[in-house]
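Below: the structure, in structure tokens.
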Amino acid sequence: MADAELRSRAPGRDELVAAYKRLLQEYIDHRPSGLRLKIAKAIGKHRSFVSQITNPGYPIPVPARHLEAIFRICHLAPEERQAFMVAYEAAHPCHPREGRRAPRKARERRVIEIDLPVLGDPALEREMEDFLRHMARQLEKLARR
């Protein structure tokens, strides 16, 4: 019976997810407004998705692939990041620690966001975007030398 009692007192996955989401919510609430929208743009999701993954009331976990973008946008202090990762790993024990991740593959991509002026000319705006994509491909070729 002691094992059953111990298991009933151990927090379940939903409670562990809520714990790290409370930390994230606290970190975001203590920063300037607009972070949820910035996160949404960076990860290519709707703002409501970001609200769900940052609200401990929803059981939806934060996908591991979005952690780096969230950390970067929120400018988490090393202590905040470490506290979050301890809680995150308690909820997701199979998630590899940052230091144990496999190195990036050569074909993986990093996404950055660049603010461009709205010119009112869709053709010129498209040309600017194409130019930036071309420049990124050239930089990739240069880096492979």
request  = For the range 1-120, please list each of the helices (runs of 4 or more DSSP H) lying entirely inside it that holds at least 1 residues being modelled with pLDDT of 90 or more and open to solvent by less than 100 Å² (accessible area, probe 1.4 Å).
outcome  = 13-29, 35-43, 47-53, 67-74, 78-91
ask   = Within the bounds of the range 131-144, is there any residue that is basic (Lys, Arg), closer than 24 Å to ILE70 by Cβ, modelled with pLDDT under 85 and open to solvent by 100 Å² or more (accessible area, probe 1.4 Å)?
value = no
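The values are calculated or read from the model by the stated rules, or taken from the named source; none is laboratory data. Just so it is clear, the structure is predicted and the values come from calculations on it, not from any experiment. Every residue, glycine as well, gets a Cβ built from its backbone with ideal geometry; the counts of neighbours run over all protein chains shown. Keep in mind that these areas ignore ligands, DNA and RNA; they rest on the heavy atoms of the full protein, side chains included. Shrake-Rupley method; radii C 1.70, N 1.55, O 1.52, S 1.80 Å.
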